[in-house]
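The values are calculated or read from the model by the stated rules, or taken from the named source; none is laboratory data. Note that the structure is a prediction, hence the values are computed from the model and not measured. Note that we place each Cβ from the backbone using ideal geometry, even for glycine, and neighbour counts take in every protein chain shown.
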Amino acid sequence: MQTIPESPSHNEAQLPAPLPDWSQLSRHDTVKVCCNNANVLSGRIDMIAYDRSVFWLIQDAGMGRIMICDADNPVVTRIPPTLEVR
């Protein structure tokens with residue numbers, strides 16, 4: 001019997017590469033953040049520092065607002081509007 005490997009979901013298969021720096025991020029961008037402690041957060045950028053060293057994320061599903069700091073080395077991926085789940 002042949003087993004078919006489970007393929008990634010439609011949205012995961014088309015995610016762009018993580019951003020090496022945050023110069024391309026803007027307020028209201030939808031992002032996925034992979035933290036060093038293996039937590040994965042997603043939501044919309046509420047505020048972002050002028051120097052792009054820190055931003056505040058309003059998390060999906062009513063999980064509150066959290067500060068994301070570049071010094072913590074998270075992996076940030078911007079989700080294109082065509083892939084946003086509403």
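Among the residues of segment 29-60, write down those that are without any contact (Cβ under 8 Å) to a residue 12 or more places away in the chain and among the β-branched types (Val, Ile, Thr).
Our first condition is that a residue be without any contact (Cβ under 8 Å) to a residue 12 or more places away in the chain; within segment 29-60, this holds for 37-40, 49-51.
If the condition is that a residue be without any contact (Cβ under 8 Å) to a residue 12 or more places away in the chain and among the β-branched types (Val, Ile, Thr), then Val40 is the only one that fits.
Return the residue satisfying two criteria in turn: it lies in segment 77-86 and is out of contact with any helix residue (DSSP H, G or I) (no Cβ under 8 Å at 6 or more places or on another chain) and assigned to a helix (DSSP H, G or I), and of such residues it is modelled with the highest pLDDT.
Here the answer is Pro81.
Taking only segment 31-76 into account, find how many residues are over 19 Å from Pro16 (Cβ atoms), touching an Asp or Glu at 6+ places or on another chain (Cβ under 8 Å) and in a strand (DSSP E or B).
So the answer is 4.
Which of the residues spanning segment 52-77 are exposed (fewer than 13 other Cβ atoms within 10 Å of the Cβ) and on the phi < 0 side of the Ramachandran plot? If you could, list the steps in order and put the result at the bottom.
Step one: list which residues in segment 52-77 are exposed (fewer than 13 other Cβ atoms within 10 Å of the Cβ), which gives 53, 61-65, 67, 69, 71-73.
Scanning segment 52-77 gives Ser53, Met63, Arg65, Met67, Cys69, Ala71, Asp72.
Looking only at segment 30-51, filter to residues that are farther than 17 Å from Gln14 by Cα and small (Gly, Ala, Ser); which one of those is surrounded by the most Cβ atoms within 10 Å (Cβ to Cβ)?
Gly43
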